[in-house]
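Participant: Below is a structure I'd like to ask you about.
The values are calculated or read from the model by the stated rules, or taken from the named source; none is laboratory data. None of the values given here were measured: they were computed from a predicted structure. Note: ideal-geometry Cβ built from the backbone for every residue, glycine included; neighbour counts use all protein chains shown. Ligands, DNA and RNA are stripped out before the accessible areas are found, and what is left, the full protein with its side chains, is counted by its heavy atoms. Shrake-Rupley method; radii C 1.70, N 1.55, O 1.52, S 1.80 Å.
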Amino acid sequence: MKKLLPCLFGLWALAGCSQTTNENKEKAMPAKGTYAYDSAFLKANTSSVYELISSDGQARVLLSADYQGRVMTSTATGASGNSYGWLNYDLIEAADWKEQFNPVGGEERFWLGPEGGQFSVYFKDGDSFEIGNWQVPAIIDTVAYPVVSAAKGEVIFGIEASVTNYSGTVFDLAIERSVRLLSKEALATSLGVTWEESLKWVGYETTNRIVNRGTEQWTKGSGLLSIWLLGMMTPSPETMVIIPFRPTDGAKLYITDDYFGEIPAERLTVTDSVIYFQCDGLYRSKLGLSPAIAKPIAASFDFAKNILTIIKFPVEPKGDYVNSKWELQDEPFSGDVVNSYNDGPMADGSQMGPFYEIESSAPAKELMPGEAQEHKQLTCHFEGEFESLNQLSKRLLGVDLTKIKK
């Protein structure tokens, strides 16, 4: 059974559960789509919820130890404000885990790569690379991560695990993940810009480490692991993912846009330095950028709610990024550093979401026993007047939002 005692909320949560009538509960329940609704829902349906809150109560980040220390959602405008992360309410309420994958949601989660190829940790040796054989390892799907330490502005999670890849290589590893809420000053320093006082904001940084706990070195010949961070966000009919890249001759050769078939032209525009990708949760599609052209930033803008989302991450232009395409590969270390996924109906009509994702990956490392690798990511959201957000977009992304809007 998946559920644990629903009253054990974790740090800074209520001390107990009050008994009220159904009528009073309905009156007290916040509106769906707000941070308060998601906070109350998670505290009622999971056992270990942690919350990071700014001094003025506006910037809030909600974490779950049950779900691998992932950031479930956040807001820039207090408890009654918009909830940015997508949550799978039905699955979270369900009593049992799904067999292959449990897409409970969350706007930033820890995963491992590669997904496909001869070094995949999602397929077994001899299996064809089809959805029916795909299996998400339990350590990044159903296993809870113990809390190592918790303070007012940061929570650290840690666990040890073992995973086996398609080629039979066993990886004994330790995973450590910390989530830290940033002050306005720290966020401005990380972004290298300031913004108008009228804008509301929330920003957090995660530090993710894996350590080789085995007795032998991890090598490219038998496969490597990469740290992979994925964020499930709530889509709208007017959400656009924006990914700037370095202008380069033949840049399109470094962009993969056919993971699930060709993306229709009306959903994808590639200029000489920016990708615009419609992410409305209505058409299943995915793209990725090679580190040869990627910049250390990606974004989305929701024109319906005036929400600008930014993620920042390191890029090693010549790093060994794992290839996650679902096939045996000639170049297993020529993968992407940044990806975006738009959910939509699959061939049988079923759908996980709707949600959309922005993802970043670290290069894979040949770690000696006891050695570690680390990947940091900054995630932030800004909300407010369109023109103020547009000025921030120009400074951060070099993108004029009015041109997209037209």
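Participant: Give the residue that is least open to solvent (accessible area, probe 1.4 Å), with candidates limited to residues of the stretch 166-220 that are of a type in the set (Gly, Ala, Ser), farther than 20 Å from Val136 by Cβ and in a loop (DSSP other than H, G, I, E, B).
Facilitator: Gly214
Participant: List every residue pair whose Cβ atoms lie under 6 Å apart, where the two residues are 6 or more positions apart in sequence or sit on different chains, the first residue falls within the stretch 239-254 and is part of a loop (DSSP other than H, G, I, E, B), and the second residue, located anywhere, is surrounded by fewer than 23 Cβ atoms within 10 Å (Cβ to Cβ).
Facilitator: Arg246/Ile293; Pro247/Asp272; Pro247/Ser273; Thr248/Ile293
Participant: Separate question: Which one of these does Gln278 not meet: (1) farther than 22 Å from Gly398 by Cα; (2) at pLDDT 95 or above; (3) not aromatic (Phe, Trp, Tyr)?
Facilitator: For Gln278, the failing item is (1).
Participant: Would you mind stating whether Val143 is open to solvent by less than 30 Å² (accessible area, probe 1.4 Å), closer than 29 Å to Ser120 by Cβ, assigned to a loop (DSSP other than H, G, I, E, B) and at pLDDT 95 or above?
Facilitator: no
Participant: Please go through the stretch 389-401 and pick out each residue that is in contact (Cβ under 8 Å) with a residue 12 or more places away in the chain, open to solvent by 10 Å² or more (accessible area, probe 1.4 Å) and either in contact with a His (Cβ under 7 Å, 6 or more places away or on another chain) or part of a helix (DSSP H, G or I) (or both).
Facilitator: Gln391, Arg395, Leu396, Leu397
Participant: Among the residues in the stretch 352-360, are any more than 14 Å from the chain's Cα centre (by Cα), assigned to a loop (DSSP other than H, G, I, E, B) and modelled with pLDDT of 95 or more?
Facilitator: no
Participant: If I ask for residues that are assigned to a loop (DSSP other than H, G, I, E, B), buried (at least 21 other Cβ atoms within 10 Å of the Cβ) and touching a Ser or Thr at 6+ places or on another chain (Cβ under 7 Å), which ones from the stretch 49-74 would you list?
Facilitator: Ala65, Asp66
Participant: Moving on. Against the condition at pLDDT 50 or above, open to solvent by 20 Å² or more (accessible area, probe 1.4 Å), basic (Lys, Arg) and in contact with a Leu (Cβ under 9 Å, 6 or more places away or on another chain), how does Lys27 come out, does it pass?
Facilitator: No: the conditions fail for Lys27.
Participant: Could you give me the residue pairs with C-beta distances under 8 Å whose first residue belongs to the stretch 180-197 and is among the charged types (D, E, K, R), whose second residue is assigned to a loop (DSSP other than H, G, I, E, B) wherever it lies, and which are 6+ apart or on separate chains?
Facilitator: Arg180/Gly153; Glu196/Gly384
Participant: Conditions: (1) in contact with a strand residue (DSSP E or B) (Cβ under 8 Å, 6 or more places away or on another chain); (2) modelled with pLDDT under 95. Ala174 meets all but one. Number of the miss?
Facilitator: With (1) in contact with a strand residue (DSSP E or B) (Cβ under 8 Å, 6 or more places away or on another chain); (2) modelled with pLDDT under 95 applied to Ala174, the lone miss is (2).
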